[in-house]
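Reviewing the structure listed below.
Only the coordinates and a few stated rules stand behind these numbers; no lab work does. A quick note: this is a predicted structure, and the numbers were derived from the prediction, not measured. Methodologically, a virtual Cβ is constructed for each residue, glycine included, from the backbone with ideal geometry; neighbour enumeration extends over all protein chains shown.
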Amino acid sequence: MPTDASADLWLRPAEPGEAAVLAGVHLQSRRAAPMPDPVHDEADVTRWLAGRLESDEVWVADLADHGVVGYARLTPGWLDDLYVVPVAARRGVGTALLDLVKAREPAGFCLWVFASNTPARAFYERHGLVELESTDGSANEGRAPDVRLAWPGPEPLRFLRSLVDEVDAQLGELLARRAALTRAIQPFKTTTSRDPGRERAVAEALATRAPELGVERLERIAHAIITESLDAAAERT
């Protein structure tokens, strides 16, 4: 389908045999952006995208004078890829793809971007996305700090609360495990006294993952969790 941005720009579903073409777009775009070098070569990326073409929703951007110049890959609730080759920069390709993603995921979606990729972050900010959280990058292949962004859709409060609900479900599982471990430890302790040094160490370790909360707040949180876990353990004895 043609876009409003340009009669020469067409967006269409990717075809099964286009993995190699999309891999070229992927790698060209990454190498031109201020982000870590790709950790996979073109053959690996092509094989990976061939699989994604079978399982994910992928849309391609075609420019009349250049052919395939960009693509977007979606999974439910996520924009997993949006890449545009440098030669097509500032021609509305990225905007057209992003607008398409918004139409395909009207309730809202999330994505990850490397923290160093300031042009991409500025692009998404201009188009109404908000930054939610940042990490040290230990969980991504590039081992570089990254940022989670979201387009919250027409009902931002509902969408963001749905993300909170997901986190609360995970938090509930972790608190249950923490309480169970606290209970299991008690028979092996030689004293019933609390260990402030250990609790401080716990807070400092947590602060590496939640720096916005800071050690002092996290120490209070850890103290409360341990206190309630000990009380729960005592009630079971």
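Which order, highest average first, do 78-84, 109-115, 27-33 follow once you tally other Cβ atoms within 10 Å for each residue and take the mean per peptide?
Answer by packing, highest mean first, reads 78-84, 109-115, 27-33.
Kindly provide the trypsin sites (Lys or Arg not before Pro) of segment 196-236 that DSSP labels as loop, not H, G, I, E or B, and whose Cβ sees at most 11 other Cβ atoms within 10 Å.
Hits after loop and neighbour filter: R209.
Excluding A14 itself, what net charge comes from residues whose Cβ is under 15 Å from its Cβ, given Lys and Arg +1 and Asp and Glu -1? Write out the running numbers ahead of the final one.
Details: positive: R12, R52, R73, R104; negative: E15, E18, E54, D56, E57, D62, D80, D81.
My count for the surroundings of A14 gives -4.
With +1 assigned to the C-beta of every Lys and Arg and -1 to the C-beta of every Asp and Glu, and no other charges, what is the dipole magnitude of the chain about the Cα centre in debye, to the nearest 20?
Values: 27 positive and 37 negative charges, 141 e Å.
The dipole of the chain has a size of about 680 debye.
Based on DSSP H runs of at least 4 residues, each adding -39500 (n - 2.57), what is the mean residue ellipticity at 222 nm of the chain after dividing by all its residues, to the nearest 500 deg cm²/dmol?
So the calculated ellipticity at 222 nm is -16000 deg cm²/dmol.
Would you mind giving the average projected area, over all directions, of the Cα convex hull of segment 13-131 in nm² with one decimal?
For the Cα atoms of segment 13-131, the hull's average projected area reads 7.1 nm².
Of the labelled options (i) 23.1, 77; (ii) 20.3, 62; (iii) 17.4, 52, which one gives Rg and Dmax of the Cα atoms in Å as computed for this structure?
Correct label, based on the coordinates given: (i).
What residue among P34, P156, P187 shows peak mean-square fluctuation when the chain is described by a Gaussian network model with Cα springs under 10 Å?
P187
Once you put a point 7 Å from the Cα of A232 and another 7 Å from the Cα of E155, both along the Cβ direction, what distance in nm separates them?
Result for the modelled spin labels: 3.2 nm.
At most 10 other Cβ atoms within 10 Å plus a DSSP loop assignment makes a site exposed; report the longest stretch of the chain without any exposed GluC sites (Glu not before Pro). All intermediate terms of the calculation are to be shown ahead of the outcome.
Working: sites that count: E141, E212.
After excluding every exposed loop site, the longest remaining stretch is 1-140.
Which is farthest toward the positive dipole end of the chain among Y124, P187, P154, measuring Cα position about the Cα centre, with Cβ charges +1 (Lys, Arg) and -1 (Asp, Glu)?
P187
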